[in-house]
1. Anything in the stretch B:366-393 that is under 29 Å from the mean Cα position of the chain (by Cα), touching a residue at least 60 places away in the same chain (Cβ under 8 Å) and within 7 Å of another protein chain (Cβ to nearest Cβ)? List them, or say none.
2. Mind listing whichever residues of the stretch B:50-100 are farther than 22 Å from B:ARG283 by Cβ, within 14 Å of another protein chain (Cβ to nearest Cβ) and not hydrophobic (A, V, I, L, M, F, W, C)?
3. Within the stretch A:113-166, work out how many residues are in contact with a helix residue (DSSP H, G or I) (Cβ under 9 Å, 6 or more places away or on another chain), surrounded by fewer than 21 Cβ atoms within 10 Å (Cβ to Cβ), closer than 23 Å to B:GLN369 by Cα and within 7 Å of chain B (Cβ to nearest Cβ).
4. Inspect the stretch B:439-449 for any residue being outside any strand (DSSP E or B) and over 30 Å from A:PHE97 (Cβ atoms) and give the result as yes or no.
5. Count, please, the residues in the stretch A:231-254 that happen to be farther than 19 Å from B:GLY353 by Cα and aromatic (Phe, Trp, Tyr).
6. Here are A:CYS218, A:CYS284: which of them is under 22 Å from B:PHE305 (Cβ atoms), in contact (Cβ under 8 Å) with a residue 60 or more places away in the chain and more than 10 Å from chain B (Cβ to nearest Cβ)?
7. List the number of the failed condition for A:LEU279; all other conditions in (1) part of a strand (DSSP E or B); (2) modelled with pLDDT of 95 or more; (3) away from chain B (no Cβ under 11 Å) hold.
8. Kindly indicate whether B:PHE547 is on the phi < 0 side of the Ramachandran plot and touching a residue at least 12 places away in the same chain (Cβ under 8 Å).
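The values are calculated or read from the model by the stated rules, or taken from the named source; none is laboratory data. All of these numbers come straight from a predicted model, not from anything done at the bench. Quick reminder, even Gly has a Cβ in these numbers, built from the backbone with ideal geometry, and neighbours come from all protein chains shown.
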Amino acid sequence: MHEDIKSIEREFAEEIEKVSSLQEIEKLRIKYLGRKSVINQLFSKIPHLSKEEKASFGRNLNILKQKITECIDSKVSLFRDKEEKIDVTFPAEGIYFGRKHILTSVSEEICNIFEKIGFVVVEGKEIEDEWHNFTALNIPLEHPSREAFDTFYLKLPQDDKGKYLLRSHTSPSQIRVMENTSLPLAVISPGRVYRPDKVDASHSFMFFQIEGFCVDKCISFSHLKGVLLYFAKSFFGDDVSLRFRPHFFPFTEPSAEVDISCMICKGKGCSVCSRKGWLEILGCGMIHPKVLKHCGINPNKYSGFAFGMGVDRIAMLKYGINDIRLFYENDTRFLRQFYEV
Amino acid sequence: MKFSLNFLKEFFDTRISPQRIAHILTMGGLEIESIEQVGDDYIFTAEVTSNRYDWLSIFGIAYELAGLSGKKLKFNLPKIIRTPHLKGVRINIEDKKDCMVYIARLIKNVEIKTSPIWLKERVKNCGINTVNNVVDITNYCMLKWGNPLHAFDFDKIEGDIYIRRAKKGESFVGLDDKEYVLTEDNLVISDDKKVIALAGVMGAKSTEVDFTTKNILLEAAIFSPLRIRRSRRSVGLDTESSYRFERNVSDRLLEVASYEALRLISQICNGINAGYKKTGRNRPSFSKTISFDLSQLNRHIGEAFSSFKVERILTNFGFKVKIKNKKEFSVVPPFFRLDVRLKEDVFEEVARGWGYNRIKEELPPVKPQKTKDELYSFKQKLRSFLANLGLNEIVTYSLTSDNKLSVLGEKSFIGLDNPLRVQENALRTTLLLGMVECIQHNINQKNDNLKFFEIANIYRKDNNAIVEQPFLGCIVDEESGGFYYLKGVAQKILEFLNIKDFIFLEAKEECFLNTLRIVTKEKCIGTLGVLDRETLQKVNVKSKVSFFELDINMAYKFKKEFKYSPFSRYPVIYRDVSLGIKKDVKFMEIENIIRGCVKEFLHHYRILDIYRSKDLSEEFLAVTLRVFYQAKDRTLTSCEVDDLHFKLREKLAHREGVVLR
C-alpha cells in the first residue's frame, strides 16, 4: 500500500515535468485528483484497513494529495502568467490632445497672477478712436506715434472722438474702464494690438499686450514696485530680481522701464541680454494727472499706477523663442511644444 | 546719441570711472547702451528719451551726472555780444509758427583749414565726421549746447534770406550731393534765387563752406519740432540737426551756442565779427513756480523723504527751492528743463535723485472690484474645453485682404487707410481666411492631425455701427476627421454650454457645400460646413476642409447652468436592426421615426456599421443600428423589448426608400 503512494508520487513527478499547456495540466488533475483517480481509489480502501494502518496510510495519502494539488496549482498559475505576458517594450498607443496657443497660455497665466491679488480682467476694444488711444492718454496731436507710420487708421467716418484706428497699445482699456466704472479700480486687460511694422524676426504688425492699472486713494509708486515684483517672482521664479529705470511715457509720471535679471545667465551677462545681465520686460509709472482728469477723476484725491507689457516678448524670453513669426505661422511642430504652462 | 568723457569733463571734472558713469546715468533714465575706449577718451552711446532734449547736449548730460552723483554743476554762461548790427541782409520769416527765432551772424575773413586736434577729437568721438574748422566748430557748439548751427558761404548767397515752405516740386541738392524734390511739407532757407538749406535738416551744396570760403553767415534758429519732423520724413533724411530740432532746443542756449561759435571762429579761423541780427522773439519762458506739500510727494512715491533730502536732490538738479513750515515747497525748475511743469514731474525728479531702486516695494490694499469681464473667463474655459477635446489653438492675423473678403462675398468689411501691404488691407469679417491659411501651411509641411480652433474678434460695419465681436472658429481637414468630426465638436460644445433644445438645420451658405446651422430658441448661434471647391480654389487650398463658426456672444447668452437630474438605474437592453436606406432619404427621417416610435423607452441609439458602396450608382446605403431600450421606473422584460423593437422595424420598413435587411 505504501509502495503505491510512492509510485504514484514518482509517476506524477515525471508527468508534471512534461506538461506544456493548461489542457495537459487539466488532464493530469483529472487523472490524479478526479473522482475516478488512483488516489481516490486508494482512499476508498482505507475503511478495510486495520486501526494502526488506517492512521498512517490515511495521513500519507492526504500528504500526497496535498502535494499534487499544490504542484498543479503552481504549474497552472505559471502557465497563466505566461499566457498573459505581453511585450511591454511595444510602442504606446497614440494619444492626441490639443493645446492652447502659447501666447494665450502666457497671457492667461499673467492675468491669473494678478487676479490672485485682487485684480479683475476687463478686455478693451481693438477698434479705437484717437481720443482713447492718444488724446486721453496725454499723447499730444503732434506726437510721432500718432502718425500713419506708427498707427493703422481705418476707413471709417471720423466722429467727435477723432479718427478710428486699430489700437496701437492696450492702454486705451485704462481710459475705457476709468470712464465707465466707479473707483477703486484694479484691472488687468489683455489683448491684440497693431502697429505698421514690417514683419521680421522681432517685429509683427499684430502682437499681444497686457495692461494693468490700479486707482484708489493713496496708491503710490512703491505699490507699483510691489505688484510688479510679486508678478515677476510668480511668473519667472523666486530667484529673479527687478530693476526700475526712469523712463518717459506721456501717460505716466513718474515713469519707469523695468528690467528683469537675465534668467539665462543669472545676471552675469550673455548673448540673450546683450551682456547687460538685464532684460527689459515692461513699462510702467504713476498715471499722469491729466489722464485721470480726462476720465473725470480728481488727481488731488486719487492716484494710480499703470503698466504695460508685451506678451510675445515675455513668451520669447521665457521659452527661448527667437522669431516672433513662429507665433503666427501656427505650425503644429511649434504649437505642440508647449502645454498649459 | 554719442558723447565722450573728455568732452563731459569740460563741464564736470569728475574722477568717477566710465563704467560707474554709465551705471549712474542708466539708473537716472539716460540709458547707456555701450562704452568704447578711444585713446584717452571714452565714448558713450546713449538712448535719449523724447522728453529730455537737454540730454542731447554735453551741458545737459554733465548737469545730470553731477545731480545724480550728489553734486551741483557750477558753470558760467558767457556774456553775449550782439554788435555790430548786421546790415544789408534782410531776414524774412514767412510763418512764425514754423520758425520762431532766426539769428544770423556775419563773420568775415575766415581762414578755412583742417581743425586743431582737440576739436577733431571732440567732434569725431561724438560720431560726427570732421570737415573743416568752421563746420567742426558749428558741430562742436551743437554737441555742447544742443542747438544745431549752420554756416553758409556768405558770398554764395544771392540777396536776402527767406525762411519759407518749399514750393511743390522745388528741388535742392544737399551737402550729401543728393537731389531732393520738395513739397509744401518742407521748410527751407532760401535766398532770392535758390534754396540754400532744408531748414534744420541739411545745408545745400550751393552755399557749402569749403576751402575757398572767405566770409560766412552763421545761422542759429528755433524751428517748429513738428515741421522739422514732417519735413525730414518727407525726404527720408535723419540728421544730427533734425534729431535735435525735432525734440526741441533751448531759447536761452541758442544765443550761447551762436556766440561761442563766433568766439571759436575768431580764435581758430581768425574770423572777424561783422554783424548780428535776430529776427523773431523767444518763446515765453515756462519756468514757473511749482508748489506742493511734502506729504503729497511722500504719498505719491510711498516713501518718507525729509524736506532736507528733497531740497538737496532738487537743488543738485538745478531747481530753485523754497520751503515754508518745513513742508510747503515752491520750486522753480532750471531754464533748460521745459519738461518739468507739474508737481508730479517734480516728484519724478526726487524719485530719480533718490534712486528708483531704493524705493520700497509694497502690495496695495486692493478692494473688491465692481466690474468683471464675464465673457473673458467664458472664453478662457471654452479654450480649455476645446484643447481637452483634442483641437490645437492657433492665433491668426486679424488683417486680411479685401480681395479675399470679396471672394467670400463680404461687403461690410472695414478697410485700412494706411495698410503696410495689400495682403493686409482690411479687417476680417470671419475667422475662416486665417485658419484656412494655417491648414494649408501645415499640409504643405506634411504635418498631420490638423484640428484647429481660434477664438478672436471679427469686425464689420453694420449701417453706421462698428461691430467688433468674438467668434470661435474650428477647422479640420478631411484626413483628420472632416465634417462629421466637426459636427461632433459642435455637439460637444453644446453639451459644454448645456444647451439641450437645439437643432441642426440644413442650410445653404455662400462658399459652403453641405452646411448646417445650429439653431436654438429660433436663433442661429453657429454654422458648420464644407468649403466648396470654387472657394477652396480661390483661397488657394488644395485639400477639402470643414469649418465651424460659433458666435461667442450668443453662446454665452444661451448657455445654462448645470443642474443634477435623476437617472434610471434599471437595466438597458438593446436590439439591432439592419437597414438599406435609399440615397435620397435623409438620415434625420430615420432618427425621427426612431424617436417617434420608441418614445420614452429610448435610452439612445447608435450606428454600428455603415457601408457606403464605392460604386456611386449604388442606390442604397447599408446601415446597422443598435437601439437601447430602458424604462424609468422598472425593468423592461425581454418580451416588451421585442415588442417595441418589432414595432420600430415595422415603422422603418413602411418608410419609402427604407428596406429591412
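1. Listed by number, the residues that qualify are B:ARG383, B:ASN392, B:GLU393.
2. Those that are farther than 22 Å from B:ARG283 by Cβ, within 14 Å of another protein chain (Cβ to nearest Cβ) and not hydrophobic (A, V, I, L, M, F, W, C): B:GLU64, B:GLY67.
3. Total meeting the criteria: 3.
4. No, the stretch B:439-449 contains no residue that is outside any strand (DSSP E or B) and over 30 Å from A:PHE97 (Cβ atoms).
5. Matching residues across the stretch A:231-254 total 4.
6. A:CYS284
7. (2)
8. So B:PHE547 passes the test.
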